[in-house]
1. Could you please find all residues in region 264-310 being among the hydrophobic types (A, V, I, L, M, F, W, C) and either assigned to a strand (DSSP E or B) or open to solvent by 50 Å² or more (accessible area, probe 1.4 Å) (or both)?
2. Among residues belonging to region 1-21 that are under 18 Å from residue 70 (Cβ atoms), of a type outside the set (Val, Ile, Thr) and more than 17 Å from the chain's Cα centre (by Cα), point out the one that is surrounded by the most Cβ atoms within 10 Å (Cβ to Cβ).
3. Across region 175-202, what is the total count of residues that are assigned to a loop (DSSP other than H, G, I, E, B) and touching an Asp or Glu at 6+ places or on another chain (Cβ under 6 Å)?
4. Of everything in region 188-210 that's touching a Leu at 6+ places or on another chain (Cβ under 8 Å) and more than 24 Å from residue 110 (Cβ to Cβ), which residue is surrounded by the fewest Cβ atoms within 10 Å (Cβ to Cβ)?
5. Could you grab me the full set of residues in region 276-301 that are among the polar types (S, T, N, Q) and closer than 24 Å to residue 147 by Cβ?
6. Does region 129-152 hold any residues that are over 9 Å from the mean Cα position of the chain (by Cα), farther than 21 Å from residue 268 by Cβ and in a strand (DSSP E or B), and which are they?
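The values are calculated or read from the model by the stated rules, or taken from the named source; none is laboratory data. What you see is a predicted model; the values in this text were computed from it and never measured. Positions of Cβ are backbone-derived with ideal geometry, glycine not excepted, and every protein chain shown enters the neighbour counts. Just the protein is used for accessible areas: all its heavy atoms, side chains included, with ligands, DNA and RNA removed. Shrake-Rupley method; radii C 1.70, N 1.55, O 1.52, S 1.80 Å.
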Amino acid sequence: MAIFWRDKIMAIDIETTYGTDAVPTGADAVLAKQVTLAPMEGNDLDRELELPYFGSQGTIPVELHAKLSFEVELAPSGTAGTAPAWGKLLRACGCAETVAANTSVTYNPITNDPEACTVHFFNGGARYVLRGARGTASFDLTANQIPKIMFEFTGLFALPSEKTRLTPSFGAWQRPQEVGPTFTALTFAGNTDLTMRKFMLDMANQIEPRFLVGPEEILITDKDEQIECTIEAVPLTTYDPFTAARNQTEIAISLRHGVGAGKIATLATTRAQMQRPQGLETPQNITEWPLRLKPIPSSTGNDQWTLTLT
C-alpha cells in the first residue's frame with residue numbers, strides 16, 4: 001500500500017543530555033510546511049581491493065547522519081512573556097531564550113554550549129529519529145506574504161522503524177499576520193518612511209557532523225549572519241547606500257511586525273555593516289535597491305541581532 005507524503009507528523013523537543021532521546025510527545029508537534037527529509041546522509045567507502053577480475057566490490061557506509069528542513073510561520077505565542085511553539089527550534093540553532101514574565105521573550109545568538117534537540121518524524125507508520133540535532137535558520141518577511149522562519153537541522157542517524165504514531169496537538173501555534181503596512185514597520189539607519197519589499201536575516205550557522213573514535217556530535221562551529229533587504233530607491237540626499245558601503249558604515253535596523261499584545265516580533269541589530277549594493281531591480285518599472293548587510297557583534301559578543309517578542 002502506498003504511503004502518502006502528506007501523512008506525516010513531526011515532533012521536536014530539547015534534549016537534557018546531548019544525544020539522548022528527549023522523547024517528544026504530541027504536545028511537541030511542529031506545524032510546518034515545505035518539509036524535506038534526507039534520512040541517511042553520509043559517505044560510501046569503496047574498498048578498492050586489487051583483484052584479477054573486473055567487478056564491483058561493494059561499499060561501506062560511514063559518517064551517517066540525517067537532514068531535515070522545513071518552514072514555520074513567524075507568529076508569537078499570543079501572550080506576552082510566553083515563549084512561542086517554535087522557540088525551542090531557535091534554541092537548537094544556537095540561540096539563547098530570555099523570558100521576562102508577562103512582558104517579553106528575547107532570542108539572541110550564543111557561542112558556547114548550544115542546546116540540541118530530538119526529532120521524531122513519522123511518515124505513515126515509519127518513525128525516523130534524529131538525535132543530537134542542531135541547525136540553522138533564516139527569517140523571511142516579504143511584502144504580502146506570511147512571515148516565516150526557515151530551518152535546516154542535522155542530526156545523528158538512527159535506523160527507522162515502525163512505531164505507534166503520536167497524536168499531534170497544535171494548540172500552541174498561532175495564526176500569523178501578513179507582512180504589510182498594517183502590521184509591519186521598518187526603521188533603517190534612522191529612516192522610518194522607506195518602502196520595503198523584502199527583509200531576510202540568515203543566521204548562517206556552520207553545521208559540522210564530527211564523527212571520530214568516541215562520541216559523535218553535530219556541532220555549530222561558526223556563524224556568519226547576513227541581512228538582505230530590498231527597499232524602494234530614494235534620493236541619495238535621503239539615504240545613500242553606496243557611500244555607506246564605501247565607508248564601511250554600520251547602521252541600526254529594526255523591523256517590527258505584528259499588532260496586539262503577545263503578537264509583536266521585532267528583529268533588530270545595532271551594528272549592521274553595509275556591503276556593496278549589487279545591481280538595481282526594476283519591478284513595475286520602479287527602481288529598487290537590493291541591499292546586503294553584515295550584523296556585527298559588540299566587544300562582548302553574542303549580540304549581533306535580537307528577536308524580541310512582546
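1. Residues satisfying the conditions are 265, 267, 268, 272, 274, 280, 286, 289, 291, 293, 307, 309.
2. Result: 8.
3. 2
4. Among them, the one singled out is 192.
5. 284
6. 129, 130, 131, 132, 133, 134, listed by residue number.
A quick yes/no check of all residues on (1) farther than 29 Å from residue 195 by Cβ; (2) in contact with a strand residue (DSSP E or B) (Cβ under 7 Å, 6 or more places away or on another chain); (3) touching a residue at least 12 places away in the same chain (Cβ under 8 Å):
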| residue | (1), (2), (3) |
| --- | --- |
| 69 | yes, yes, yes |
| 74 | no, yes, yes |
| 84 | no, yes, yes |
| 88 | yes, yes, yes |
| 101 | yes, no, yes |
| 119 | yes, yes, yes |
| 128 | yes, yes, yes |
| 136 | yes, yes, yes |
| 148 | no, yes, yes |
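Matching residues to (1) part of a loop (DSSP other than H, G, I, E, B); (2) free of Cβ contacts under 8 Å to residues at least 24 places away in the same chain; (3) over 22 Å from residue 84 (Cβ atoms):
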{"site": "213", "(1), (2), (3)": "yes, yes, yes"}
{"site": "217", "(1), (2), (3)": "no, no, yes"}
{"site": "221", "(1), (2), (3)": "no, yes, yes"}
{"site": "236", "(1), (2), (3)": "yes, yes, yes"}
{"site": "243", "(1), (2), (3)": "no, yes, yes"}
{"site": "248", "(1), (2), (3)": "yes, no, yes"}
{"site": "251", "(1), (2), (3)": "no, no, yes"}
{"site": "262", "(1), (2), (3)": "yes, no, no"}
